[in-house]
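This is the structure I want to talk about, given as structure tokens.
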Amino acid sequence: MTRAAFGALLSHWWRNPLQLFTLLAGLALATGLWSGVQAINAEARASYDAAASTLDEGRYDRLVARDGGAFAQDNYIALRRAGWQVSPMVTGDLNGVRLIGLDALTAPSGMGPVSLGGGTDLGAFLTGSAQVFANAATAARLDGVEVLIADDLANDTAVADIGTAQALLGREGLIDSLLVMPDQPVGLPALGEVAPDLTMQAAQGGTDIAGLTDSFHLNLTAFGLLSFAVGIFIVHGAIGLAFEQRRGMVRTLRALGVPLNRLIGLMLAELLVFALVAGVIGVALGYVIAALLLPDVAATLRGLYGADVSGNLQLRPVWWLSGLGIAFAGTLIAGGSALWGISKMPLLAAAQPRALAMAAGRRARWQLVVALVLLALAAVLVFTADGLVAGFAMLGALLIGAAFALPPVLNAVLAFASARAKGVTAQWFWADTRQQLPGLSLALMALMLAIAANVGVSTMVSSFRLTFTGFLDQRLASELYVSTDSAEQTAALISYAETEGVAVLPIQSADVQIAGHPAEVFGTRDHATYRDNWQFLQSSAGAWDATFAGQAVVINEQLARRAGLALGDPVTFGSVTLPVAGIYGDYGNPVGQVVLVEDVFATEFPHVVARQFGLRISGDVGDFVNDLTAATGIGAGQTIDQAGIKAVSLAIFERTFTVTTALNILTLAVAGFAILMSLLTLAAMRVPQLAPAWAMGMTRAALGRLELLRAVMLAVLTAVLALPLGLALAWVLLAVVNVAAFGWQLPMYLFPLDYARLGGFALVAAVLAAGWPAWRLARTPPGDLLKVFANER
Amino acid sequence: MCYFNGMTLLTVDNLSKTYATADGPFAVLRGVSMTLEAGESLALTGESGSGKSTLLHLIGGLDRPDAGSILLQGQDIARLDDAGRAALRRGTVGVVFQQFNLIPSLKIADNIAFQARLAGRHDADWCAVLADRMGLTDHLRKYPEQLSGGQQQRVAIARTLAPRPALVLADEPTGNLDEGTAATVMDMMLELVAETGAGLLMVTHSQALAGRLQRRLHLRAGQVA
């Protein structure tokens, strides 16, 4: 019995391959987009983990030389003898690989080779027998060095005993820094007494790589979910239609003696088989998507956060399992209501040819209620949301609520048009369009979500780009930036610049903690550059005057938000306490900043010597650099002109959003696919509806044209409704999610031309999707149309 | 399975069924009693709404009575659960519907064999005989939509007889067919049912068709008239 019944159920798909293709393709595309994003995330996270295991020094306070250079090993010995729990570290470049030398005995647990697994000859490592650890890709670049493979290590990084590293780097007896263990004995002598040339550098705390990049991954995950939701709308439509069409078969099977429970079980098994097949295809598709996007993601993370992601994709269980899991979950979500309906369907229910439309009509009311509830929830969250989770909850409520509200809104618009239609063809067209709406509503919802996501994300990206370009113009006001190697070079630069009448603006900073948050303090020279170019988000009158008079500081938005600082609030670091006179936008910077006048800076941080300078040049920058090189020996390699910096910065941010742009295009393509499949599936059901119009004198070509016009008109209406939704999405991303994830808010700009172009794309997608079904309909053989009127159909 | 003409195949005793309607409860059957011998054919007649189809559905295990008993081969159908009634429909009772109720995605050959396969009593030779006798041999590789209404009903009859049921229930089997086709289909069905020795209970509005069966039972307002 089971075999025969299962065979009968499966025969439906054999006879309706297009429906099967829609179901599998929709599910595979949804799974593919989801697992592709998960693959990228998993790869990036694995890279961070590897980085964390070897580069975790940022977690600890460090002792470094006041001049920022290496220092003698004697300092380490003196500190250890004085009871300081410190561990030496040296780093350097070896064939383009960052070589880290550690002392395995004193290094914090979990760092470097101490934590490495099999194959590590700890004894040899401890005795400094030239063991160097690196992953396979990195090891290949270390010619002439005996390397043990440790796949857990980050890319471009090798770890060795400090003695080995010093030898390989040619820096015997020198140390770059000393890691300070969190637990130190009481009664230690002061650092200044034991090692006066060293200074304490605070741990980076909240600015670690994983924390920063989490927000980026959260955005990616949100897009993955959105794409998956679009796919699920397709799957839901395909399953719903297939189950609707099989109601008669289900009744027959039950009448012929297949028990209901067995039938439900078989249909569930059937769905799970499809989920498995589509899931496997989707995971493979996700692998391809991830492989194509990962190089850009890697570049983005490297550019934006300095995080190193390998760019090579591995088949990690975490994402392909999640891909399969989401395929099964999506299928069950999409098929659950259909199975429930079958389980509750009376055996003797009368045949309902318009069951789909009637069921949609019954659903419309509660769907509208759910939509209103979700939109109300989103409205409440606008005023109460605080943090990423609430921000994404608001996004979810807004998008799903709007999607649910679409069919009733479209129905109202069509009813309005129908009531005002003149001429019999127009009246029929509007009435027939209303009848088609239930069958197309899922695809139109998918289209609306896709367009809204495109509008929202492109608004965010474009706003970001516009703001950032303005920010670069503001912050990179100097025409030339110069780095010096020594105090002599610095003196020569300043002397030469004075003779040329060029203003020199030192760039000098120190790391501090403000209200428990890491921050950078910049010592700035009083110059019109700052007054003329820096734009404050908030400022008190004469902010720069007060700052350059040593009576106030200005801070960036990140520090203001994290430390809860407002204008007039005091900022304290070291012995300095000054009020905040202004808050400036500092886009893309994860760290808090304080700007104060250079005199106060020099008093508080006497050991910091400026090695970078901005120069305000009125003439030709190239000529100035040539003359500077001739006069001071400062090479062109030590100078960067403003245009170069801007170009590099903009290039980084252009790549930042390559991934989201690619996902946007894919999502729109999936929505176009949904329309195509819905129209193709509905085409067979259209014949009985169109046959009377044909019989009454409309040509098949005219019917085909009206079909095309109908699809395009619905797509245009959907696109118009998607625009405000997309703008609301952008606002949530910029004003809520961005603040929670990055710590700063972006101004929102509107880009009507972009939206018009997007509307054009949606129109093209609709025309392409509707063209084929309309063409097929226009070529329907008269015999098929006549069958509608024959008793024997 | 072996049946002996003259033995009581079906005993319906004091059967009642009430449906809830918008206007309140509606008693479709009110204490209907009847019997059917093995190999006997009985026509159920009556006006629309008299309860003919409901009685057929209850006997076929498609629905449950509110009161009374239905003994089929000594087993009370009214006491069976869903699985028990499904088993009854698979193997003991065959139903021919007015709307044919073929499986549109299965070929004619598979449709004919389908119920026998469900019952675990598939006999390819017998199915071939049924197809031949019903004039369907040339259509076995076609799908239902490619056949006329008369041909589809013949497929439905062959499907019903394929597992050799003890009782055949037919709900206006020729209601959708023209007069000529209906007569042909009825001839074929009566002949084959008689050959299998199954009992036949047929709902019909046609007095002519009812006259061709051995006995007639007329229902009026849910009661035997």
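The values are calculated or read from the model by the stated rules, or taken from the named source; none is laboratory data. No experiment lies behind these values; they were computed from the predicted model shown. Quick reminder, even Gly has a Cβ in these numbers, built from the backbone with ideal geometry, and neighbours come from all protein chains shown.
Of everything in the range A:133-166, what is over 30 Å from the mean Cα position of the chain (by Cα) and free of Cβ contacts under 8 Å to residues at least 24 places away in the same chain? Give them in sequence order.
A:Ala139, A:Ala140, A:Gly144, A:Glu146, A:Val147
I need a count of the residues in the range A:601-616 that are among the small types (Gly, Ala, Ser) and under 38 Å from the mean Cα position of the chain (by Cα).
Residues that pass the stated criteria total 2.
To continue, here is another question. Quick check: is even one residue across the range A:187-195 at pLDDT 80 or above, of a type in the set (Gly, Ala, Ser), crowded, with 19+ Cβ neighbours inside 10 Å and farther than 20 Å from A:Leu102 by Cα?
Looking through the range A:187-195, at least one residue is at pLDDT 80 or above, of a type in the set (Gly, Ala, Ser), crowded, with 19+ Cβ neighbours inside 10 Å and farther than 20 Å from A:Leu102 by Cα.
For A:Ala65, all conditions in the list (1) more than 30 Å from A:Pro88 (Cα to Cα); (2) at pLDDT below 80; (3) in contact with a Phe, Trp or Tyr (Cβ under 7 Å, 6 or more places away or on another chain) hold save one; what is the number of the exception?
Going through the list (1) more than 30 Å from A:Pro88 (Cα to Cα); (2) at pLDDT below 80; (3) in contact with a Phe, Trp or Tyr (Cβ under 7 Å, 6 or more places away or on another chain), A:Ala65 breaks only (1).
If you go through the range A:478-490 one residue at a time, how many are touching a helix residue (DSSP H, G or I) at 6+ places or on another chain (Cβ under 7 Å), assigned to a loop (DSSP other than H, G, I, E, B) and either free of Cβ contacts under 8 Å to residues at least 40 places away in the same chain or more than 11 Å from A:Leu615 (Cβ to Cβ) (or both)?
Here the count works out to 1.
Considering A:Ser462, A:Ser483, which residue is over 32 Å from the mean Cα position of the chain (by Cα) and at pLDDT below 80?
A:Ser483
Please state which one of A:Gly240, A:Gly282, A:Gly265 is surrounded by fewer than 23 Cβ atoms within 10 Å (Cβ to Cβ), more than 12 Å from every other protein chain (Cβ to nearest Cβ) and within 39 Å of the chain's Cα centre (by Cα).
Being surrounded by fewer than 23 Cβ atoms within 10 Å (Cβ to Cβ), more than 12 Å from every other protein chain (Cβ to nearest Cβ) and within 39 Å of the chain's Cα centre (by Cα) holds for just one of A:Gly240, A:Gly282, A:Gly265, which is A:Gly240.
A further question on this structure: If I go through the range B:97-114 residue by residue, how many of them are within 7 Å of chain A (Cβ to nearest Cβ) and in a helix (DSSP H, G or I)?
Final tally of qualifying residues: 1.
So, in the range A:1-26, how many residues would count as being within 19 Å of A:Gly237 (Cβ to Cβ), aromatic (Phe, Trp, Tyr) and within 14 Å of chain B (Cβ to nearest Cβ)?
Of the residues in that region, 1 qualify.
Residues are listed down the side, and each one gets a yes or a no for (1) in contact (Cβ under 8 Å) with a residue 40 or more places away in the chain; (2) assigned to a helix (DSSP H, G or I); (3) over 27 Å from A:Val600 (Cα atoms):
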{"position": "A:Asn454", "(1), (2), (3)": "yes, yes, yes"}
{"position": "A:Val461", "(1), (2), (3)": "yes, yes, yes"}
{"position": "A:Leu466", "(1), (2), (3)": "yes, yes, yes"}
{"position": "A:Ala492", "(1), (2), (3)": "yes, yes, no"}
{"position": "A:Val504", "(1), (2), (3)": "yes, no, no"}
{"position": "A:Ser509", "(1), (2), (3)": "yes, no, no"}
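Tell me yes or no: at least one residue of the range B:98-106 is surrounded by 15 or more Cβ atoms within 10 Å (Cβ to Cβ) and free of Cβ contacts under 8 Å to residues at least 40 places away in the same chain.
yes
Mind listing just one residue for me: the one in the range A:557-592 that is part of a strand (DSSP E or B) and touching a residue at least 40 places away in the same chain (Cβ under 8 Å) and, of those, nearest to A:Arg475 (Cα to Cα)?
Out of the qualifying residues, it is A:Tyr584.
Being of a type in the set (Gly, Ala, Ser), over 23 Å from the mean Cα position of the chain (by Cα), at pLDDT 80 or above and within 19 Å of A:Pro724 (Cβ to Cβ), is that true of even one residue in the range A:385-400?
no
Same structure, new question: Only one of these is within 9 Å of chain A (Cβ to nearest Cβ), more than 15 Å from the chain's Cα centre (by Cα) and of a type outside the set (A, V, I, L, M): B:Arg89, B:Arg117. Name it.
Exactly one residue qualifies, and that residue is B:Arg117.
Moving on to the next point. Of all the helices (runs of 4 or more DSSP H) wholly in the range B:119-225, which have at least 1 residues that are touching a strand residue (DSSP E or B) at 6+ places or on another chain (Cβ under 7 Å)?
Answer list for the range B:119-225: B:149-161, B:179-196, B:207-211.
Restricting to the range B:120-134, what's the tally of residues that are of a type in the set (A, V, I, L, M) and either within 14 Å of chain A (Cβ to nearest Cβ) or surrounded by fewer than 22 Cβ atoms within 10 Å (Cβ to Cβ) (or both)?
Count: 3.
Which residues, counting only those in the range B:135-153, are at pLDDT 90 or above and away from every other protein chain (no Cβ under 12 Å)?
Residues satisfying the conditions are B:Leu136, B:Thr137, B:Asp138, B:His139, B:Leu140, B:Arg141, B:Lys142.
Please work out if B:Gly68 is away from every other protein chain (no Cβ under 13 Å) and either touching a helix residue (DSSP H, G or I) at 6+ places or on another chain (Cβ under 8 Å) or in a strand (DSSP E or B) (or both).
When the stated conditions are applied, B:Gly68 passes them.
Another question, if that's okay. Condition test on A:Leu29, is it away from chain B (no Cβ under 14 Å) and modelled with pLDDT of 80 or more?
Spelling it out, A:Leu29 is indeed away from chain B (no Cβ under 14 Å) and modelled with pLDDT of 80 or more.
Hey, another quick one. Can you find a residue that is more than 11 Å from every other protein chain (Cβ to nearest Cβ), at positive phi and in a loop (DSSP other than H, G, I, E, B) anywhere in the range B:73-86?
Within the range B:73-86 (the criterion being more than 11 Å from every other protein chain (Cβ to nearest Cβ), at positive phi and in a loop (DSSP other than H, G, I, E, B)), the answer is yes, since at least one residue qualifies.
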